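Visitor: The structure follows.
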Amino acid sequence: QAGASVAQAGRIANPVFSFERMVKGEETEYGRFLRFGLLDVLTLPARQAAAEIAIDRAAMSLSAEVYASISQVRLAWLDAVTAEAKLKIAEKAFTGTSASADLAKRMKQTGNFTTTDRIRQQLIFSEATIALATARQERLAAREKLVRLLGLQSEDAQQLKLPTKLPKLAKQPLMLTDVAKEISQRFDVRMARLDYESALKRNGVDQVSTFTDIEYGRRYDTINDAGSISHKKGYELEVKLPVFDWGDMQRDALQANLLAKQQAYKNAVLSAASQLRESYSLYRTSFDIAQHYQEQILPMQETLLEEATYNYNGMIIGVFELMQAGRDMAAAQQSAIDAKRNVLNAEIAMNSVVMGRPIDASTTKISASSASADAGH
């Protein structure tokens, strides 16, 4: 649609042909008159050149939108896989807290547990129940969003299978020099440049039309006077005189529009490097946090869980302390999944900035306090 609209701008108005028949007694006159805009014809090459640039710009805009749509599908897929992985952890946590709450209830009945301790275990189970319900809803919402973006029918949506784990992280993060491209090749920079070039091409044509307009007409008449045929022909020029309106306001508007296009192009070039630095910083920070979870926090949580298991087997701690260690491990796994998702989202967002079609890629906030709490048990 956009391409057809801008292509239409490269065309001129159709000529007007009029035919008339006049009768006076035995005299019949046939008049034929053809009229078209003379300035339109003279400026047609410039109009077509500007239209070709605008068509290239429309094609570039379409490519950018296609790229953005693909990136949105990738983000939705990551969200859906993340929801699947977190649901598995929530189900395990629900099973463990359910057993813990049931054991606390039995121990209270036998007099080996206080009411306060039993209620605490029941509250933990209630939190796990709510967390499981929330995880199921988030899984459904993320899955349906992916289905909508893919345009799947109900039958196809039911057959959609998703992995329950996110892709593994690379051993080393991407370097800024590896992802940076020539600024002039970005979608936004190229579109801004084409906007300016198109406006520059049309500026001369539009400037002329603000002064005057010229219509050229060609006439050819045939007169039949009682069988005597005669012809007459001629032409006429219709010129718009700038008497009341000299077109200065229109020319000022055209000049302002041209300057705005030029400034937009400069701003696109200047902001490109800043956007890339910001998006790379987000990616690198997310990568470092996720790597810290994989190499530090999760191994320490596994060690704590193993120690708790040994201590439980040696009757040093009770079953509730062991279950608490398991819950801490589950919480660390949840945070690790969020951290990995943040990296993958940030990488997609960084690539979209590199291409010049930035998209919104939300990241889950992982506070340092929660990370230290996970590692501190």
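Visitor: I'd like the residue in the range 162-215 that is in a helix (DSSP H, G or I) and small (Gly, Ala, Ser) and, out of all such residues, is nearest to the chain's Cα centre (by Cα).
Guide: Ala192
Visitor: Just one of (1) exposed (fewer than 14 other Cβ atoms within 10 Å of the Cβ); (2) in contact (Cβ under 8 Å) with a residue 12 or more places away in the chain; (3) part of a helix (DSSP H, G or I); (4) of a type in the set (A, V, I, L, M) trips up Leu282, so point out which.
Guide: (1)
Visitor: Hey, could you check the range 84-112 for residues that are hydrophobic (A, V, I, L, M, F, W, C) and over 40 Å from the mean Cα position of the chain (by Cα) and say which is surrounded by the fewest Cβ atoms within 10 Å (Cβ to Cβ)?
Guide: Ala99
Visitor: Write out, first by first residue and then by second, each pair whose Cβ atoms fall under 6 Å of each other, whose residues are 6+ apart or on separate chains, and whose first residue, in the range 18-30, is in contact (Cβ under 8 Å) with a residue 24 or more places away in the chain and closer than 17 Å to Lys233 by Cβ while the second is aliphatic (A, V, I, L, M) and open to solvent by less than 60 Å² (accessible area, probe 1.4 Å).
Guide: Taking only residues 6 or more apart or on different chains, the pairs are Glu29/Ile223.
Visitor: Every residue in the range 3-28 that is assigned to a helix (DSSP H, G or I), farther than 20 Å from Gly204 by Cα and either at pLDDT 85 or above or open to solvent by 60 Å² or more (accessible area, probe 1.4 Å) (or both), please.
Guide: Ala4, Ser5, listed by residue number.
Visitor: Continuing with this model, one more query. In the range 58-67, what residues are of a type outside the set (Gly, Ala, Ser) and open to solvent by less than 70 Å² (accessible area, probe 1.4 Å)?
Guide: Hits for the range 58-67 are Met60, Tyr67.
Visitor: Among what's in the range 218-243 and is surrounded by fewer than 13 Cβ atoms within 10 Å (Cβ to Cβ) and among the polar types (S, T, N, Q), pick the residue that is farthest from Val208 (Cα to Cα).
Guide: Per the stated criteria, the residue is Ser228.
Visitor: Within the range 156-183, work out how many residues are closer than 30 Å to Glu144 by Cβ and in contact (Cβ under 8 Å) with a residue 40 or more places away in the chain.
Guide: The qualifying residues number 7.
Visitor: Just the residues that are among the β-branched types (Val, Ile, Thr), closer than 28 Å to Arg186 by Cβ and over 21 Å from the mean Cα position of the chain (by Cα), please, taken from the range 25-77.
Guide: Answer for the range 25-77, where residues must be among the β-branched types (Val, Ile, Thr), closer than 28 Å to Arg186 by Cβ and over 21 Å from the mean Cα position of the chain (by Cα): Ile53, Ile55.
Visitor: Among the residues of the range 113-143, what is the count of those that are open to solvent by less than 60 Å² (accessible area, probe 1.4 Å) and either touching a Lys or Arg at 6+ places or on another chain (Cβ under 6 Å) or more than 21 Å from Asp102 (Cβ to Cβ) (or both)?
Guide: 4
Visitor: Any idea which of (1) within 30 Å of Gly204 (Cα to Cα); (2) open to solvent by 70 Å² or more (accessible area, probe 1.4 Å); (3) out of contact with any helix residue (DSSP H, G or I) (no Cβ under 9 Å at 6 or more places or on another chain) is the one Asp248 doesn't satisfy?
Guide: Going through (1) within 30 Å of Gly204 (Cα to Cα); (2) open to solvent by 70 Å² or more (accessible area, probe 1.4 Å); (3) out of contact with any helix residue (DSSP H, G or I) (no Cβ under 9 Å at 6 or more places or on another chain) one by one, Asp248 breaks only (3).
Visitor: Consider only pairs whose beta carbons are under 7 Å apart and that are at least six residues apart or on different chains; among these, list those whose first residue lies in the range 124-143 and is under 12 Å from Ala85 (Cα atoms) and whose second residue is among the basic types (Lys, Arg) and open to solvent by less than 50 Å² (accessible area, probe 1.4 Å).
Guide: The qualifying pairs are Ala135/Lys86.
Visitor: Filter the range 29-52 down to residues that are open to solvent by less than 60 Å² (accessible area, probe 1.4 Å), out of contact with any Gly (no Cβ under 8 Å at 6 or more places or on another chain) and at pLDDT 85 or above and give me whichever is farthest from Thr212 (Cα to Cα).
Guide: Glu29
Visitor: Could you tell me whether Ala330 is free of Cβ contacts under 8 Å to residues at least 60 places away in the same chain and either of a type outside the set (Asp, Glu) or at positive phi (or both)?
Guide: no
The values are calculated or read from the model by the stated rules, or taken from the named source; none is laboratory data. Everything quoted here is computed from the prediction, not taken from an experiment. FYI the Cβ positions are ideal-geometry reconstructions off the backbone, even for glycines, and counts take in every protein chain you see. These area figures cover heavy atoms from the full protein model, side chains too; ligands, DNA and RNA do not enter into them. Shrake-Rupley method; radii C 1.70, N 1.55, O 1.52, S 1.80 Å.
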